[in-house]
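Before any comments, here is the structure.
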Amino acid sequence: MAIPKFIDYMEKEKNYSPHTLKAYNKDLHDFAAYCREEHQSEGIEQIDYPLIRAWIVLLVEAGNSNRSINRKISVLRSYYNFLQRIEVRDTNPLRKHKPLKESKKVQLPFTEKEIENLLDGAHFDNDYEGILSKTIIETLYCTGMRRTELIHLETQAVNFTAGTLKVLGKRNKERLIPLLPELQKQLERYAQEVEETFGNSPFPYFFRSPKGKKMSDNFVYTVVNSYFNRVSSKEKRSPHMLRHSFATHLLNQGADLNTVKDLLGHASLAATQIYTHSSMEQIKAVYKDAHPRGKK
């Protein structure tokens, strides 16, 4: 199979993150396993659309969301585009495939009050794990970082003198994020706790798990989910919701869309504009106060 070559190409030529590459690799091998077990096919390079369609039906019947299925098919499409590129295939079997319709579910961000109640309340223990947890949540909310950006934040990327963080985003694109005074104070406190707990042993990443190792995706998710469970009744309590809250709260306070785009590390305004939907209450208030008929 050409899957290893494809993954290598996406890493070196497209600069995809390790997290994305892992997901791509899993999706392709899941499809290969299906072809092998259900259709006795030893490779997926020359598969035709009817077999892919049968896999889609199986995924739907298994309860996968349309969004999840579309993502898997997008991976397959990219794979067959690559096979065309290296002249293994003449055509892409997914060239005429139309994505499944996705319901656009608006995810409500945490409110400013919920975040204030958590960060300013007595929810965090004064030991290493408690200080780490608070620093993770405050950093995600005050910078709008992605979870993987937080995990891979390098020690040397935190510049207390300049008051900035250098974040390595998607496609290895760097961006500088200024530190709010409150966040800088928390980061300095955490850095001191790291030194007291682990000494001066060199470590490439700014954040360390309680065992002194690189944090996992699941660890960061569990920290955010468990602490917000104390102050919020929202169904979704993931690290991404802090990024969502960061953008929404800035826009609610009148921040320029281009500035929020740059802080989030988006390549285009279209990606940032999704957060304007969550500001509808703010829009309603301004509209009502500003329109001549709204004052009656």
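Since every read-out is calculated from the coordinates, none of them should be taken as a lab result. It should be emphasised that the depicted structure is a prediction, and the values quoted were computed from it without experimental measurement. Note that we place each Cβ from the backbone using ideal geometry, even for glycine, and neighbour counts take in every protein chain shown.
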Exercise. HN-Hα J couplings of the stretch 260-269 from phi, Karplus 6.51/-1.76/1.60, θ = phi - 60°, integer Hz, Gly and Pro as x?
Worked result: 5, 4, 5, 5, 7, x, 7, 7, 9, 5
For this session: Would you mind getting me the FRET efficiency between Gln107 and Glu196? Use the beta-carbon distance for r and R0 = 45 Å, nearest 0.05.
Result: 0.75
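With only Lys, Arg, Asp and Glu charged, each at its Cβ (+1 for the first two, -1 for the last two), find how big the charge dipole of the stretch 3-85 is about the Cα centre; round to the nearest 20 debye. Walk me through the intermediate numbers first.
Working: 12 positive and 11 negative charges, 82 e Å.
Here the size comes out at about 400 debye.
Roughly speaking, what is the stretch gain from His240 to Lys166, that is 0.36 nm per residue apart minus the C-alpha to C-alpha distance, in nm to one decimal?
Numbers: separation 74, 0.36 × 74 = 26.64 nm, distance 1.93 nm.
Stretched out fully, the His240 to Lys166 stretch lengthens by 24.7 nm.
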Exercise. In whole angstrom, and with the biggest value first, how far do the Cα coordinates of the chain range along each principal axis?
Worked result: 66, 59, 33
Problem set entry | Residues of the stretch 60-80 with amide N under 13 Å of a point placed 7 Å along Cα→Cβ from Ser41 | 76-77, 80
For this session: Give me the distance between the Cα centres of the stretch 137-207 and the stretch 1-16, rounded to whole Å.
Result: 29
For this session: List every residue whose amide H lies under 5 Å from the amide H of Tyr205, counting only residues 5 or more places away in sequence or on a different chain, with H placed 1.01 Å from N in the peptide plane.
Result: Thr155
Problem set entry | Separation of the Leu176 and Asn117 label points, Cα + 7 Å toward Cβ, nm | 3.8
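What Kirkwood hydrodynamic radius do you get for the stretch 71-150 when you take the inverse of the mean 1/r over all pairs of distinct Cα atoms, in Å? It would help to have the intermediate numbers written out before the result.
Numbers: mean 1/r = 0.0581 Å⁻¹.
Computed over Cα pairs of the stretch 71-150, the Kirkwood hydrodynamic radius comes out at 17.2 Å.
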Problem set entry | Built amide H within the under 5 Å cut-off of Gly169, gap 5+ | Glu174, Arg175
Exercise. Within straight cross-link reach of Lys166, meaning Cα distance under 17 Å, which aspartates and glutamates are found once same-chain residues fewer than 8 apart are removed?
Worked result: Glu138, Glu149, Glu154, Glu174, Glu188, Asp262
Exercise. What are the extents of the Cα atoms of the stretch 112-286 along their three principal axes, listed from largest to smallest and rounded to whole Å?
Worked result: 52, 35, 28
Problem set entry | Simple spin-label estimate for Tyr49 and Asp217 in nanometres, 7 Å along Cα-Cβ | 3.1
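How long are the three semi-axes of the equivalent ellipsoid of the stretch 109-177, in whole Å, if each is the root of 5 times an eigenvalue of the C-alpha gyration tensor, listed from largest down?
Values: eigenvalues 113, 44, 25 Å².
So the equivalent ellipsoid measures 24, 15, 11 Å along its semi-axes.
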For this session: Mind checking which of Leu100, Asn117, Gln186 is farthest towards the positive end of the chain's charge dipole, using Cβ charges of +1 (Lys, Arg) and -1 (Asp, Glu) about the Cα centre?
Result: Leu100
Problem set entry | Total charge dipole magnitude, the stretch 112-286, about the Cα centre, Cβ charges on Lys, Arg, Asp, Glu only, Debye to nearest 20 | 700
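Taking the convex hull of the Cα atoms, report for the stretch 3-85 its projected area averaged over all directions, in nm².
Working: hull surface 21.9 nm².
Projected over every direction and averaged, the Cα hull of the stretch 3-85 covers 5.5 nm².
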Seminar exercise, completed: Computed Rg/Rh for the stretch 180-241 (Cα atoms; Rh = Kirkwood radius) stands at 1.04
Problem set entry | Spacing of the two label points (7 Å from each Cα toward its C-beta) at Ser268 and Val60, in nm | 2.8
For this session: Place +1 on the Cβ of every Lys and Arg and -1 on the Cβ of every Asp and Glu in the chain, take the dipole about the Cα centre, and give the residue among Ile44, Ile7, Phe207 whose Cα lies farthest towards its positive end.
Result: Ile44
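Kindly flag which residue pairs out of Lys173/Lys211; Lys12/Lys173; Lys113/Lys134; Lys5/Lys26; Lys5/Lys72; Lys185/Lys261 have an alpha-carbon separation exceeding 23 Å in this structure. Let's see the in-between values first.
On the way: Lys173/Lys211 30 Å; Lys12/Lys173 14 Å; Lys113/Lys134 16 Å; Lys5/Lys26 14 Å; Lys5/Lys72 18 Å; Lys185/Lys261 25 Å.
Correct reply: Lys173/Lys211; Lys185/Lys261.
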